[in-house]
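What follows is a single structure, written as structure tokens, with notes after it.
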Amino acid sequence: MPSASNIGRRYASGIFQLADEEKAIETWRAEVAKLDDLLSDDVLRAAFQNPAVGLTRRMDLAARLAPELRPETQNLMRLLIEHRRTGEMPAIRQEFERLADEASGIVTATMTTAIPLEEAERRRYEQQLSKKLDRKVRLAVHTDPTVIGGAAIRIGDHLVDASVKTRLDRLREDLLR
């Protein structure tokens, strides 16, 4: 049986292909976000996955909760409910966002710092990375006090680690040789 991430990637890939064919990636981005927000409610997710609640009842509940969703999105929701995969929606959304960003030429970078960055600092780093990579960059910033100082930036498989923790670890390794 495929892992949750594989299932999420498969669904997201199918949705993305449909969105690309329709030339409606941004419309689908908004729909996937709405569906994820709807299905993020723990009580609803439990009801949708509960085998004691019949499929007809689950589908009626879904139709009443999300009448604003496009018919295509309601079909996606129906598939997820029928196969008890509503818990996969966060992974589906994340992968769809990645595919949509990639198609739009947007690169996602993750920066880990010891202390939180001010919004102006985050924008400045995002602009500098965009200029250096010659592509639009969406920067996600995470705080990890164990970094001690400096920062680590991950872009895809590439990691630039200029954290104090890494420098201290390297120094320790050198001293132990």
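The values are calculated or read from the model by the stated rules, or taken from the named source; none is laboratory data. The model shown is predicted, which means the values in this text are computed figures rather than measured ones. Quick reminder, even Gly has a Cβ in these numbers, built from the backbone with ideal geometry, and neighbours come from all protein chains shown. Quick note on the areas: whole protein, heavy atoms, side chains included, nothing else; ligands and nucleic acids left out. Shrake-Rupley method; radii C 1.70, N 1.55, O 1.52, S 1.80 Å.
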Looking at (1) modelled with pLDDT under 95; (2) in contact with a strand residue (DSSP E or B) (Cβ under 7 Å, 6 or more places away or on another chain), find the lone condition where residue 112 falls short. (1)
Residue under evaluation residue 103, criteria (1) small (Gly, Ala, Ser); (2) surrounded by fewer than 16 Cβ atoms within 10 Å (Cβ to Cβ); (3) more than 14 Å from residue 15 (Cα to Cα), criterion not met: (3)
Looking at the stretch 161-177, I want the residues that are of a type in the set (Asp, Glu) and have a partner that is outside any helix (DSSP H, G or I) with Cβ atoms under 6 Å, at least 6 apart or on another chain. Which pairs are those? 161/152
Just name the residue that is most open to solvent (accessible area, probe 1.4 Å) out of those in the stretch 13-38 that are of a type outside the set (A, V, I, L, M, F, W, C), in contact with an Asp or Glu (Cβ under 8 Å, 6 or more places away or on another chain) and farther than 11 Å from residue 70 by Cβ. 13
Those residues of the stretch 155-177 which are of a type in the set (Asp, Glu) and surrounded by 15 or more Cβ atoms within 10 Å (Cβ to Cβ) amount to 161
Enumerate the helices (runs of 4 or more DSSP H) found wholly within the stretch 1-92, keeping only those where 3 or more residues are at pLDDT 85 or above and small (Gly, Ala, Ser). 4-22
If we keep only residues of the stretch 131-154 that are assigned to a helix (DSSP H, G or I) and either under 20 Å from the mean Cα position of the chain (by Cα) or among the aliphatic types (A, V, I, L, M) (or both), then the residue surrounded by the fewest Cβ atoms within 10 Å (Cβ to Cβ) is 133
Before we move on, is residue 57 within 17 Å of residue 82 (Cα to Cα), exposed (fewer than 13 other Cβ atoms within 10 Å of the Cβ) and not polar (S, T, N, Q)? yes
